[in-house]
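Below: one structure, written as structure tokens.
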Amino acid sequence: MLLKRASELKQQYKETEALALYEEIISAAPDNFEALCSASLLHNRMGERYADDSRKLNHFNQAKSYALRAYEIDSLDANANYAMALSLVSLAMMSGPKQRLAVTNQVKHYLDAALRRNATHADAWHLLGRWYFKMANLNFAEVAAAKMLFGGIREKVTNQDAISAIEAAITQNPNNLQYYYDLACIFQEMKDKAACASTLQRALSLNQTLQTKEELELSRRCKIMLDSQQR
């Protein structure tokens, strides 16, 4: 009953209340797999909302702790692998360049595992697209550092790989505004104005489904970017 109620709260965007219920479940049943995965994802989402680094880090560390516990229960599960990848990315963004490079291959490992288990996992495709984009656009210093410290990046990728992955995410979940925005940013980086504008127009057609402050802010950014592309 608590799991059902927590899921309902999450779907209603009452994420603080949902997280409290998931953590209540974990306190009573430390190996509850669904609660561990869901609590990890919610901590990641909440951490992104804070400007204060210490609060962000608290949420991201807790997200990784729950993800690791879920992964230890079922290392093949798509959601556990995605939660691990996302928590590593979140923590890496709070770290220095060396630490960020150190987790790149780990993130890809978890995302590959998630998609092997569930090829329709939209969020895993999206995060993989972001990973491809980052790897395709490392600067000279980052490439040199990766080679010296870690033997290089194992996989050679391009912006087209990033585009394909995020388009796969959109195919699985065509109502997620973040996917379109990130795809438009890739096209903008590639200076493909037509593709960028088309993607932003698709994003803005989702206005009727916007529910959260984050989505409204993303919609505002899409409008600004579209205006710049059409000049």
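Residues to consider are 69, 49; find the one that is modelled with pLDDT of 95 or more, closer than 24 Å to residue 93 by Cβ and charged (D, E, K, R).
When all the criteria are applied, what remains is 69.
Somewhere in segment 108-115, is a residue at pLDDT 85 or above, among the acidic types (Asp, Glu) and touching a Phe, Trp or Tyr at 6+ places or on another chain (Cβ under 8 Å)?
No, every residue in segment 108-115 fails to be at pLDDT 85 or above, among the acidic types (Asp, Glu) and touching a Phe, Trp or Tyr at 6+ places or on another chain (Cβ under 8 Å).
Inside segment 13-24, can you point out the residues that are part of a helix (DSSP H, G or I) and surrounded by fewer than 16 Cβ atoms within 10 Å (Cβ to Cβ)? Spell out how you get there, then give the answer.
In the first step, residues of segment 13-24 are kept if they are part of a helix (DSSP H, G or I); the result is 15-24.
Listed by number, the residues that qualify are 16, 17, 20, 24.
Are there helices (runs of 4 or more DSSP H) fully within segment 25-132 with at least 2 residues that are free of Cβ contacts under 8 Å to residues at least 40 places away in the same chain and open to solvent by 70 Å² or more (accessible area, probe 1.4 Å)? List them.
Qualifying helices (runs of 4 or more DSSP H): 33-47, 53-73, 97-102, 104-117.
Run down 54, 27, 38, 90 and say which single residue is over 24 Å from residue 132 (Cα atoms), of a type in the set (S, T, N, Q) and within 15 Å of the chain's Cα centre (by Cα).
Working: 54 fails: within 15 Å of the chain's Cα centre (by Cα); 27 fails: within 15 Å of the chain's Cα centre (by Cα); 90 fails: over 24 Å from residue 132 (Cα atoms).
It is 38.
Among the residues that make up segment 80-97, is at least one of them aromatic (Phe, Trp, Tyr) and modelled with pLDDT under 95?
Within segment 80-97, not a single residue is aromatic (Phe, Trp, Tyr) and modelled with pLDDT under 95.
Could we say that residue 5 is in a helix (DSSP H, G or I) and touching a Gly at 6+ places or on another chain (Cβ under 8 Å) here?
Judged against the criteria, residue 5 is not a match.
Just for helices (runs of 4 or more DSSP H) wholly inside segment 140-222: which have at least 2 residues that are at pLDDT 95 or above and buried (at least 18 other Cβ atoms within 10 Å of the Cβ)?
Correct list: 159-172, 177-189, 193-204.
The values are calculated or read from the model by the stated rules, or taken from the named source; none is laboratory data. In this text, all values refer to a predicted model and were calculated from it rather than measured experimentally. Cβ coordinates were reconstructed from backbone atoms using ideal geometry, including for glycine residues, and neighbour counts include every protein chain displayed. Quick note on the areas: whole protein, heavy atoms, side chains included, nothing else; ligands and nucleic acids left out. Shrake-Rupley method; radii C 1.70, N 1.55, O 1.52, S 1.80 Å.
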